[in-house]
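Let me begin by presenting the structure, written as structure tokens, before commenting on it.
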There are 2 protein chains.
Amino acid sequence: MSTTVSPLAPKSYPDMPDIEGVTFATVEAGIKYSGRTDVLLASLVEGTAVAGVFTKSKCSSAPVDWCKEILSNGQARALLVNSGNANAFTGKKGAAAVELSADIVSKAVGCPRHSIYLASTGVIGEPLPAEKFEGVADGLVAAQGQASWLDAAQAIMTTDTYPKLATATVDLDGETVSINGIAKGAGMIAPDMATMLSFVFTDAAIAPGVLQAMLGQNTETSFNAITVDSDTSTSDTVLFFATGAAEKRGVAAIAEVDDPRAEVIRAVLADVMTDLAHQIVRDGEGARKFVEIAVEGAETDQSAKQVALSIANSPLVKTAVAGEDANWGRVVMAVGKAGEPADRDRLAIWFGDVRVAVGGERDPSYSEEAASAVMKEENIPIRVDLGLGTGEAVVWTCDLTKQYVEINGDYRS
Amino acid sequence: MSTTVSPLAPKSYPDMPDIEGVTFATVEAGIKYSGRTDVLLASLVEGTAVAGVFTKSKCSSAPVDWCKEILSNGQARALLVNSGNANAFTGKKGAAAVELSADIVSKAVGCPRHSIYLASTGVIGEPLPAEKFEGVADGLVAAQGQASWLDAAQAIMTTDTYPKLATATVDLDGETVSINGIAKGAGMIAPDMATMLSFVFTDAAIAPGVLQAMLGQNTETSFNAITVDSDTSTSDTVLFFATGAAEKRGVAAIAEVDDPRAEVIRAVLADVMTDLAHQIVRDGEGARKFVEIAVEGAETDQSAKQVALSIANSPLVKTAVAGEDANWGRVVMAVGKAGEPADRDRLAIWFGDVRVAVGGERDPSYSEEAASAVMKEENIPIRVDLGLGTGEAVVWTCDLTKQYVEINGDYRS
């Protein structure tokens with residue numbers, strides 16, 4: 001938790017409605033940090049369905065392995081999250097720490113171990129002192145409901161400079177159902193998802209398979225469409241919980257993917273997930289600019305995304321943005337190195353509304369002044385038309401500043 | 001050309017022997033820079049064979065397109081190089097500038113256009129004022145031999161802080177033949193080769209096909225095994241010229257790839273190319289540390305190289321090196337994200353001779369003090385054993401410092 005908040009932080013936190021069936025408690029367990037909360041326990045009502053997406057890292061953390069293993073049960077009763085230690089690359093000790101954590105929580109909550117979800121972020125390679133959960137578990141259960149959504153979002157922060165929350169509501173069967181999400185992440189952020197945790201909750205009743213389909217589809221255009229530094233973490237976890245409490249109010253359960261209400265929920269969920277994803281980029285380590293990169297005219301959407309990520313991950317593009325330099329030649333370079341179909345002579349590039357290049361060369365009416373004016377803004381839209389087909393994609397990133405180097409040059413000390 | 005020389009620069013320049021059949025002249029043409037030489041003309045004796053490797057960028061520069069087109073002729077009489085303007089993404093104007101340059105040089109030298117090699121580096125997207133060559137071409141021809149190897153290496157520099165030269169000799173048929181090379185490059189350096197130019201010359205007589213085979217094989221383990229910032233340029237060019245002058249001294253021409261002397265030359269050429277490649281990394285923008293990343297135990301050599309590059313290109317690994325932080329967890333992360341076969345629990349990692357991780361967790365005898373001592377050195381060897389097979393690869397990179405951001409945040413201004 002930094003004392004200096006990112007200049008790109010949202011100006012206020014959203015009002016988060018209650019979601020029946022979810023409560024929170026947080027505590028200072030002293031896992032690594034002192035003087036701040038570092039453990040979150042979310043309690044979930046019986047019958048809560050769950051879906052998850054995880055890092056594709058070959059060196060995934062012990063909690064990720066645990067969650068993947070229990071996900072097929074489809075039911076969740078609790079979520080335990082700690083910050084400060086990722087319990088990643090901790091070998092047998094890591095697996096044992098996860099087992100111990102699940103034991104402690106399942107006893108305290110009174111539910112099967114396979115309905116306890118676990119997430120940890122922080123330093124890699126240091127054994128997690130899971131025995132510390134022993135001393136705080138009963139207290140966390142007793143204190144359920146005392147922590148707000150903001151408290152929950154704060155307890156899971158590591159190098160974040162602000163807590164990340166988003167909410168949306170939707171009418172279903174004449175009733176209002178809510179989707180609330182929290183997230184953490186600031187560095188080691190890239191597809192697929194980097195050191196990023198996000199937990200999203202709804203009171204709608206949705207079957208696990210439907211939940212999983214929604215989550216998977218939306219991840220591609222939200223959490224898997226952001227990059228801070230191209231580094232993908234061992235711990236990335238997005239979980240989506242549906243408590244089903246709205247069923248009592250007459251909102252029938254969504255049991256099938258082709259229920260038309262599933263698409264209604266999915267679209268709203270997409271808004272919440274994209275909002276959270278943007279907040280992560282806006283808290284990118286050292287970020288001073290928020291950059292949207294839209295690629296169109298590619299042979300396929302997938303190809304467009306690869307080109308967009310090549311631009312978004314280019315240190316030279318990112319330092320040019322930091323320097324407010326309309327150096328569009330570096331965008332050309334990043335398109336060229338992407339390894340995707342591209343034809344130099346059909347390429348067009350815009351900074352904001354200013355077309356800077358077209359037909360394989362500098363725009364005939366290029367204005368350095370107009371292009372530079374765009375670069376001075378806080379939000380920088382870069383658009384590339386490859387001129388080949390109808391494939392398109394949008395990704396988001398931030399600039400690369402000296403502060404990024406500073407923050408990451410002495411992270412552990 | 002910076003006024004502050006990289007702290008990783010070689011302490012002295014090598015003594016470069018003459019290579020019969022090659023002469024140089026340089027001039028201040030004012031393409032972009034003032035007060036320094038920015039054009040090099042190398043004159044090559046009739047009968048000089050040539051081979052080349054080029055950027056794989058889809059947005060290759062006009063000079064790269066030109067060289068690729070004429071390469072099948074296999075013969076070279078002159079090489080014209082300018083610094084300050086890359087003549088890349090310059091559309092029809094770029095192609096016209098290349099035609100004009102070749103015309104001017106072919107008239108001045110008195111040789112066919114298709115034996116004139118061209119290379120340009122510098123800013124992308126600005127039309128190259130090739131007409132400036134008109135005024136200097138005859139002077140460059142008249143001054144042939146007045147510029148040294150050092151002068152030649154200096155004229156092709158852009159953001160380089162020092163000129164790059166390497167040399168080696170080898171006994172062939174009882175006579176000494178030489179291989180001399182010069183290179184430029186400091187940023188936008190990555191496989192495949194980034195804003196990197198290198199020109200290597202020998203007096204041995206070697207057929208173009210043999211020359212090309214040698215160059216291609218060596219490029220993979222030299223210029224294609226370095227990365228400063230993962231950004232690949234539109235202009236990368238490596239040319240290898242064999243003047244054949246040694247034939248007069250009784251060194252028979254090498255006409256076939258399976259001539260045993262070809263392997264002798266290739267091995268020495270590899271030393272020269274690797275030396276130049278290292279010098280480019282040591283001049284990496286803002287570099288304070290030279291990092292060698294060796295990956296072994298991969299399923300294939302290619303897989304080992306991908307893992308090594310994932311580590312070498314990770315901003316978090318590179319900033320940790322800058323901060324002298326033995327943060328081996330970030331190496332684990334970079335292995336995990338590489339997308340190559342890896343088994344967390346078979347992984348071992350060394351910083352220098354200090355094994356920091358083994359069997360999926362921190363080394364039982366891990367010493368932070370010993371690992372930190374390695375990080376304080378100027379040269380940082382990182383070794384990873386994936387424990388899967390016999391594939392191996394070595395790549396080289398530098399650290400990521402605030403100076404990199406500074407240099408690239410205002411490059412054009």
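The numbers here are math on the coordinates, done by the rules we state, and not lab data. Everything numeric here is computed off the predicted structure, so don't read it as measured data. Counting neighbours? That spans all protein chains shown, and the Cβs are built from the backbone with ideal geometry, glycine included.
Some points to look at:
- The range B:36-95 - Kirkwood radius from inverse mean 1/r over Cα pairs (Å): 12.9
- Farthest positive-ward along the protein assembly as shown dipole, Cα basis, beta-carbon charges - from A:M375, B:I280, B:A62: A:M375
- Exposure proxy ranking, count of Cβ atoms within 10 Å, fewest first, for B:E175, A:E392: B:E175, A:E392
- As a ratio to 2.2 N^0.38 Å, the alpha-carbon radius of gyration computed for the range B:249-316 takes the value 1.59.
- Take B:P260, move 7 Å from Cα toward the beta carbon, and the resulting point lies 8.3 nm from the same point in each other copy, nearest first.
- Its Cα centre serving as origin, chain A has a Cβ charge dipole (Lys and Arg +1, Asp and Glu -1) of approximately 1000 debye.
- Over the Cα atoms of the range A:210-262, the radius of gyration divided by the Kirkwood radius equals 1.11; this is the Rg/Rh ratio.
- Values of log10 I(q)/I(0), in the order q = 0.12, 0.17, 0.27 Å⁻¹, for the range A:1-85 under a Debye, Cα-only, solvent-free model: -0.55, -1.05, -1.21
- Of all chain B residues, the one whose C-beta is nearest the axis that brings B onto A, in angstrom: B:K402, 2
- For the range A:55-135, the Rg and Dmax computed from alpha carbons only, in angstrom: 11.8, 33
- Rounded to whole Å, the principal axis extents of the Cα atoms in chain A read 70, 53, 37, largest first.
- For the range B:142-299, projected area of the alpha-carbon convex hull averaged over all directions, nm²: 11.3
- Across identical copies of the chain, A:S367 has label-point separations of 6.5 nm, listed in ascending order, with the point defined 7 angstrom from Cα along Cα→Cβ.
- Calculated log₁₀ intensity ratio I(q)/I(0) where the Debye formula runs over C-alpha points of the range B:290-409, q = 0.10, 0.16, 0.22 Å⁻¹: -0.27, -0.68, -1.23
- Based on alpha carbons, the Rg and Dmax found for the range B:356-413 are 16.9, 52 Å.
- Inter-label distance for B:D151 and A:K92, nm, one decimal - labels placed 7 Å from Cα along Cα-to-Cβ: 7.0
- In the assembly of identical copies, A:E99 has its label point, taken 7 Å from Cα in the direction of the beta carbon, separated from the corresponding points by 7.6 nm (ascending, one decimal).
- Candidate aspartates and glutamates - alpha carbon under 16 Å from A:K184, same-chain residues fewer than 8 apart omitted: A:D38, A:D151, A:D160, A:D192, A:D229, A:D231, A:D236, A:D275, A:D283, A:E285
- Computed about the Cα centre, the dipole magnitude for the protein assembly as shown is approximately 600 debye when only Lys and Arg (+1) and Asp and Glu (-1) carry charge, each at its Cβ.
- Whole-number percent relative contact order across the range A:290-409, with pairs defined as alpha carbons under 8 Å at least 6 apart: 46
- Sorted into 20 angstrom bins from 0, the C-alpha pair distances of the protein assembly as shown split as 16, 44, 29, 10, 1 percent.
- Least to most buried among B:Y162, B:Y117 (fewest other Cβ within 10 Å first): B:Y162, B:Y117
- Length added when fully stretched, B:S372-B:T4, from 0.36 nm per residue minus Cα-Cα: 129.7 nm
- Full extension of the chain between B:T169 and B:A143 gives 6.6 nm of extra length, using 0.36 nm per residue less the Cα-Cα distance.
- Each of A:F89, B:F133, B:F290 was scored by other Cβ atoms within 10 Å of its Cβ. Arranged with the fewest first, they read B:F290, B:F133, A:F89.
- Rel. contact order, % - alpha carbon contacts under 8 angstrom, at least six apart, chain B: 17
- Three-way shape label, the range B:1-159, alpha-carbon gyration tensor, a/c 1.5: rounded
- Mean-position separation - Cα centroids, the range A:12-56 and the range B:71-146, in angstrom: 64
- Ordering A:T158, A:A130, A:T176 by the projection of their Cα atoms onto the charge dipole of the range A:22-282, which places +1 on the Cβ of Lys and Arg and -1 on the Cβ of Asp and Glu, puts A:A130 at the extreme positive end.
- Three semi-axes of the equivalent ellipsoid, the range B:297-364, Cα gyration tensor, whole Å, largest first: 18, 16, 10
- Lysine pairs in the range B:290-409 whose alpha-carbon atoms fall under 20 angstrom of each other, counting only those eight or more residues apart or on distinct chains, come to 6.
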